Amino acid sequence: AMNTLCMESGFVSLNKQGEDLCGDFFTTVSDDDATTFVLSDGMGSGVKANILATLTAKILATMTANHLSIRDSVTTLAQTLPVCNVRKLAYSTFTLMQVLPDWQVYLAQFDNPQAILLRDGKSVEYPTQELMVGDKRILESRLTLQSGDVFLLMTDGVTHAGLGNLIPDGWQREGVLQYVEEIYTPDLSAKNLAARVADACRDLYLERIDDDVTVAVFKMRTRQAVNLLVGPPRQHEDDEAFMHRFFASEGTHIVCGGSTAQMVSRYLGRQLIISEDYVDPDIPPGAKIRGIDLVTEGIVTLSRVLEISSRYASSQSIPSHWDTRSDAATQIARVLLEDATDIHFFVGRAVNPSHQSPSLHIDFSLKMSIIEKLEKILREMGKRVTVEYC
């Protein structure tokens, strides 16, 4: 059923100035009954910090996913982490979040800034209780998430931003909290929110980032379906049935490609109006068919969509001018990356008769590979993707 809730996540990490490796580490372990996320920040910097953070996150996520208590997991962790022979201690901070069926959440936090929960855009306090494991004070919470909730996890690179420069004591959790309340809008995606917080940190550090900055955002939202039609079917006699399936699917409808748009226009008996408006000289203008949300050119637009999507999915940040551009490729990318939770590709395998040249098959296989790569990126972002070939 489409009306169920789902959780969208977005993650942005900035390395400390001059370091190739990030001392923060974020990992996810999913199985049928739960999903466990761990964000960890290793002590020190460089390779050592990276290894500490990676071990911490992987051990905690794996043990928690296998139903071990946080006490057992942290005890194991303390016995496992290599100890620094100078300072005689080795540890990694962590924020562990386990999401159970019915959106119940278990949270265990150690030494990271406390996670922020926004409910309808306003920060709410959630219950925490202290648990001592050896000398470590761990904050535990149990709560149930509802639609519109946003959870923000961060490392202290975020709360320390601006320390000694723009803000004497650094940004602090309070500052982050006010900022996210200020920029929150219900349609802001998890990734977009994470990127904006990271960008604000970059500004506060005056571009010289003194500590690894990691922001992970989880957002509860209602499922939203998007259907994308690319290319007419290989056999002309399948057009009708293929169109019928496309239009019978609920959600947004996007049509890519000239001959595809003509086929849709014939099927609906509605005029295809081509726009003369080149918003971006590199991207062919879109078109309009009444009843279709978005009509665009095919291969050039799709390859740009792929390019935008891989930049968006990378952990650094989202593409600049993301919110202001309005070319056809950015429009498709925005719908797929920000709006959609469920994406259905309808891929027709007709080889375009208007290109009777050897480049034909190159175009065709290029289109197929673009769709495969796009599908992979969207799946990795946690979206449900189905591809139907005809």
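Does the stretch 241-262 contain any residue that is touching a Leu at 6+ places or on another chain (Cβ under 9 Å) and charged (D, E, K, R)?
no
For ALA194, work out the one condition from (1) in a helix (DSSP H, G or I); (2) in contact with a His (Cβ under 7 Å, 6 or more places away or on another chain) it doesn't fulfil.
All conditions pass for ALA194, except number (2).
Checking VAL83 against (1) within 25 Å of SER45 (Cβ to Cβ); (2) outside any loop (DSSP other than H, G, I, E, B); (3) open to solvent by 20 Å² or more (accessible area, probe 1.4 Å), which single condition isn't satisfied?
(2)
I'd like the full set of residues that are part of a loop (DSSP other than H, G, I, E, B) and within 32 Å of the chain's Cα centre (by Cα), limited to the stretch 256-272.
Listed by number, the list holds a single entry, GLY257.
Could you list, in sequence order, all residues of the stretch 135-161 that are open to solvent by 30 Å² or more (accessible area, probe 1.4 Å) and either in contact (Cβ under 8 Å) with a residue 40 or more places away in the chain or among the hydrophobic types (A, V, I, L, M, F, W, C) (or both)?
LYS136, LEU139, THR144, GLN146, SER147, ASP156, HIS160
List every residue pair whose Cβ atoms lie under 6 Å apart, where the two residues are 6 or more positions apart in sequence or sit on different chains, the first residue falls within the stretch 90-102 and is touching a residue at least 12 places away in the same chain (Cβ under 8 Å), and the second residue, located anywhere, is acidic (Asp, Glu).
Close Cβ pairs (under 6 Å, with a partner that is acidic (Asp, Glu)) amount to THR93/ASP41; THR93/ASP111.
Which residue pairs have Cβ atoms closer than 9 Å, lie 6 or more positions apart in sequence or on different chains, and pair a first residue in the stretch 252-280 that is open to solvent by 40 Å² or more (accessible area, probe 1.4 Å) with a second residue that is of a type in the set (Asp, Glu)?
GLY258/GLU297; ARG266/ASP239; TYR267/ASP239; TYR267/GLU240; TYR278/ASP327; VAL279/ASP327
Return yes when LEU204 is in contact with a strand residue (DSSP E or B) (Cβ under 9 Å, 6 or more places away or on another chain), among the hydrophobic types (A, V, I, L, M, F, W, C) and open to solvent by 20 Å² or more (accessible area, probe 1.4 Å) and no when it is not.
The answer is yes for LEU204.
Name the pairs: first residue in the stretch 322-334 and closer than 16 Å to ILE274 by Cα and open to solvent by less than 70 Å² (accessible area, probe 1.4 Å), second residue part of a helix (DSSP H, G or I) and among the aliphatic types (A, V, I, L, M), Cβ to Cβ under 7 Å, at least 6 apart or on different chains?
Filtered contacts from the stretch 322-334: ALA329/VAL305; ALA329/ILE308.
Kindly evaluate ILE274 against the criterion of being within 21 Å of ASN227 (Cβ to Cβ) and at pLDDT below 95.
Considered against the rule, which asks whether it is within 21 Å of ASN227 (Cβ to Cβ) and at pLDDT below 95, ILE274 comes out as no.
Looking at the stretch 281-291 only, could you name the residues that are over 26 Å from the mean Cα position of the chain (by Cα), part of a loop (DSSP other than H, G, I, E, B) and crowded, with 16+ Cβ neighbours inside 10 Å?
Within the stretch 281-291, PRO284, PRO285, GLY286, ILE289 qualify.
What is the number of the single condition among (1) farther than 26 Å from LEU107 by Cβ; (2) open to solvent by 60 Å² or more (accessible area, probe 1.4 Å) that MET132 does not meet?
In the conditions (1) farther than 26 Å from LEU107 by Cβ; (2) open to solvent by 60 Å² or more (accessible area, probe 1.4 Å), MET132 misses (1) alone.
Restricting to the stretch 94-129, give me the number of residues that are charged (D, E, K, R), open to solvent by 70 Å² or more (accessible area, probe 1.4 Å) and in a strand (DSSP E or B).
Residues flagged as charged (D, E, K, R), open to solvent by 70 Å² or more (accessible area, probe 1.4 Å) and in a strand (DSSP E or B) within the stretch 94-129 amount to 1.
For every residue, the table says whether it meets (1) in contact (Cβ under 8 Å) with a residue 24 or more places away in the chain; (2) closer than 25 Å to VAL99 by Cα; (3) surrounded by 23 or more Cβ atoms within 10 Å (Cβ to Cβ).
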{"residue": "MET7", "(1), (2), (3)": "yes, yes, no"}
{"residue": "GLY10", "(1), (2), (3)": "yes, yes, yes"}
{"residue": "GLU19", "(1), (2), (3)": "yes, no, no"}
{"residue": "PHE25", "(1), (2), (3)": "yes, yes, yes"}
{"residue": "THR35", "(1), (2), (3)": "yes, yes, no"}
{"residue": "ASP41", "(1), (2), (3)": "yes, yes, yes"}
{"residue": "ASN50", "(1), (2), (3)": "yes, no, no"}
{"residue": "ALA53", "(1), (2), (3)": "yes, yes, yes"}
{"residue": "ALA57", "(1), (2), (3)": "yes, yes, yes"}
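For the stretch 225-247, check the following and say yes or no: at least one residue is charged (D, E, K, R), part of a loop (DSSP other than H, G, I, E, B), out of contact with any strand residue (DSSP E or B) (no Cβ under 8 Å at 6 or more places or on another chain) and at pLDDT 90 or above.
yes
The values are calculated or read from the model by the stated rules, or taken from the named source; none is laboratory data. Model, not experiment: these values are computed from the prediction. Virtual Cβ from ideal backbone geometry, glycine too; neighbours counted across all protein chains shown. Heads up: the accessible areas ignore ligands, DNA and RNA and are worked out on the full protein's heavy atoms, side chains in. Shrake-Rupley method; radii C 1.70, N 1.55, O 1.52, S 1.80 Å.
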